[in-house]
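Participant: Dumping the structure here so I can ask a few things about it.
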């Protein structure tokens, strides 16, 4: 299923609809029929999440799919500290080792591998973040975790052969370094990015939003890495999130079954003989527990039924995630990809996985870019299932002057783009959002990211006042 969201008709401004099932005048009859035929209501937030949302003017907390702490056990291997449940600790994931440096060789590539520290430093300087205590620290994704998507052969090569790392980073001098040093200074930090993305997706499901100050390695697929992307952190994060939700729902169903059994005994006066009809209640609760523990067949928003929408706005086609979607046959992953069709990777085979494709020309400026994005989001609301989670790949290589993205969007345009996606996720999709930073090769990339994140924190009231 591929929908090409083109430019709006002449004289008709692009916009997104106020509700997913309200077609606009520019919608096709087929799209309107699809939206009418398959209405999808968002799953009800758990009481704890709903209560949190009512106290948050930004409104993202009310979109949480699970109560705070529900996923703590499922992510214990990826969270370096205590699982964040209070409002003071934000769902913002960062580790200093995200920043890659190896004797200045990294500067031979236009990618600023130290931009992540610059973003965090700027957010602290501007008072958006009040200190490291508000951040969530991830752990590296182990080779065992990476094997959930990546092949054994590829994992062996990326961890043992310099040439594979050279292919991914496009830095030939790395071939001369000892492999142990290369693993320490390059591959391990990238595994940390993966851990951060996986953790951010889980946090978004509990908190309604999350940001990984890194990640978004959308060119990597099961058997290869490319374009500074060694691992498909997006697909790895999606698959972990599904299992975590299924496990949490299964635990909840088991507790319900135990409670029903206790109630049945109590109703019988403690005699050990259940009251009439109690067996049916126990059996129903037990069946729910079994379904929840079924992994990919979990009920509710769990297991394979967790519908995820990837909004990929990096300047380059996210071909790695797309290849993995096709290889794994993931029918619950939907992709909106808006990219410069005239630059790397030009992967026609991977386009079969894109649900809404927006191809741009080099030099595209703010007005055209933002109008086409609005049209694409409107189309997503009409023709795609309502997502349980939005993964936003927010590359800043769309900036004017970026040597690899070759688009011409202004810093103000990037800020408007990010706010547009977050607002659409909250108001139209009504789904939690996890934001990844992805690519960005212009000198002002880190500064623009910081400005945009500060705007999101301000507009959506993401950082509560101390003691609130």
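Coordinate-derived values only; no laboratory data. Values in this document were obtained by computation on a predicted structure and should not be read as measured data. We place every Cβ from the backbone using ideal geometry, glycine too, and count neighbours over all the protein chains shown.
Participant: Under a plain spin-label model, where a point goes 7 Å from the Cα along Cα-to-Cβ, how far apart in nm are residue 447 and residue 137?
Facilitator: Between residue 447 and residue 137, the simple spin-label model gives 3.1 nm.
Participant: If the chain between residue 362 and residue 144 were fully stretched, how many nm would it gain, using 0.36 nm times the residue separation less the Cα-Cα distance?
Facilitator: Working: separation 218, 0.36 × 218 = 78.48 nm, distance 4.01 nm.
The residue 362-residue 144 span can extend by a further 74.5 nm.
Participant: Still on this structure, I have one more. Cut-off is 10 Å between beta-carbons; in what order do 151, 197 appear when sorted fewest neighbours first? Could the numbers behind the result be given before it?
Facilitator: Values: 151 15, 197 32.
Lowest count first: 151, 197.
Participant: How far apart, in nm, are the 7 Å Cα→Cβ label points at residue 420 and residue 331?
Facilitator: Distance between label points: 3.3 nm.
Participant: Okay, next question. On average over all directions, what projected area in square nanometres does the stretch 347-403 have, based on the convex hull of its Cα atoms?
Facilitator: One quarter of the hull surface, i.e. the mean projection, equals 5.0 nm².
Participant: Right, here's the next one. Given a Förster distance of 25 angstrom, what is the FRET efficiency for residue 76 paired with residue 188, based on the Cβ-Cβ distance and rounded to 0.05? Write out the running numbers ahead of the final one.
Facilitator: Values: r = 20 Å, r/R0 = 0.81.
That gives a FRET efficiency of 0.80.
Participant: So, by mean Cβ neighbours within 10 angstrom, what's the order for 314-323, 331-340 with the highest one leading? It would help to have the intermediate numbers written out before the result.
Facilitator: Details: 314-323: 27.6, 331-340: 23.3.
Those peptides, ordered most packed to least, come out 314-323, 331-340.
Participant: For the stretch 326-468, what ratio Rg/Rh do Cα atoms give with a Kirkwood hydrodynamic radius? Please list the in-between numbers first.
Facilitator: On the way: Rg = 15.7 Å, Rh = 16.2 Å.
Reported Rg/Rh (Cα atoms, Kirkwood Rh): 0.97.
Participant: Moving to a separate point now. Which order do the peptides 403-410, 93-100 take when ranked by the mean count of other beta-carbon atoms within 10 Å per residue, highest first?
Facilitator: On the way: 403-410: 20.1, 93-100: 21.6.
Result, highest mean Cβ count within 10 Å first: 93-100, 403-410.
Participant: Which of the peptides 206-218, 119-131 is most tightly packed, and how do the rest follow, judged by the mean count of other Cβ atoms within 10 Å per residue?
Facilitator: Details: 206-218: 28.7, 119-131: 16.5.
Those peptides, ordered most packed to least, come out 206-218, 119-131.
Participant: Would you please give the FRET efficiency between residue 88 and residue 117, computed as 1/(1 + (r/R0)^6) with r the Cβ-Cβ distance and R0 = 22 Å, to the nearest 0.05?
Facilitator: Details: r = 23 Å, r/R0 = 1.02.
Plugging the Cβ-Cβ distance into 1/(1 + (r/R0)^6) gives 0.45.
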